[in-house]
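Here the structure comes first, spelled out in structure tokens, and everything after it is commentary.
The values are calculated or read from the model by the stated rules, or taken from the named source; none is laboratory data. Since the model is a prediction, treat every value here as computed from it, not as a measurement. Ideal geometry is used to build each Cβ from the backbone, glycine not excepted, and the neighbour counts take in all protein chains shown. Areas reflect the complete protein model, heavy atoms only, side chains present, ligands, DNA and RNA absent. Shrake-Rupley method; radii C 1.70, N 1.55, O 1.52, S 1.80 Å.
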Amino acid sequence: LADTVKRLLIHGKKKSQKGVLSAKADFYSVLFAGAHNGLIHEILGGLMSRVNMLRGTSLMRPDRLPRSLEEISDLLVHIQQRDAEGARKASLKHVLLAERAALDVLSEQSANQISNA
């Protein structure tokens with residue numbers, strides 16, 4: 001898991017969208033595999049493929065990428081410390097902020113479509 005976060009940070013510094021998306025997918029794959037629950041892995045894996053479409057747009061926004069990298073790094077620290085409550089809070093924060101960023105992107109796209117119509 002730490003290796004995937006390291007790769008994520010490296011690609012984030014390079015602003016490599018392809019690298020960031022690949023490392024982020026690997027991060028979640030390792031995280032889900034670590035749960036040792038095939039059903040969760042299957043369900044969340046399908047959901048993650050849908051989330052990846054939005055992630056490609058919202059994650060590369062200049063304001064979102066640095067925050068996302070901090071959130072994932074914070075989550076890793078809690079996991080390494082076996083701090084379940086801290087990891088839960090860090091995960092929730094990350095998901096809520098990612099949701100807000102995705103909704104902002106969708107709103108901007110909708111506004112652009114309306115103005116171009």
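Tabulated results
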| read-out | value |
| --- | --- |
| Of residues in the stretch 38-82 being in contact (Cβ under 8 Å) with a residue 12 or more places away in the chain and of a type in the set (Lys, Arg), the one surrounded by the fewest Cβ atoms within 10 Å (Cβ to Cβ) | Arg61 |
| Residue match in the stretch 83-95 (condition: surrounded by 15 or more Cβ atoms within 10 Å (Cβ to Cβ) and over 21 Å from Phe32 (Cβ atoms)) | no |
| Helices (runs of 4 or more DSSP H) fully within the chain counting 1 or more residues that are over 12 Å from the mean Cα position of the chain (by Cα) and among the acidic types (Asp, Glu) | 2-14, 38-58, 64-80, 84-116 |
| When residues of the stretch 104-116 are limited to those that are of a type in the set (A, V, I, L, M) and touching a helix residue (DSSP H, G or I) at 6+ places or on another chain (Cβ under 9 Å), the one least open to solvent (accessible area, probe 1.4 Å) | Val105 |
| Test for Lys93: is it over 17 Å from Leu1 (Cα atoms) and touching a His at 6+ places or on another chain (Cβ under 9 Å) | no |
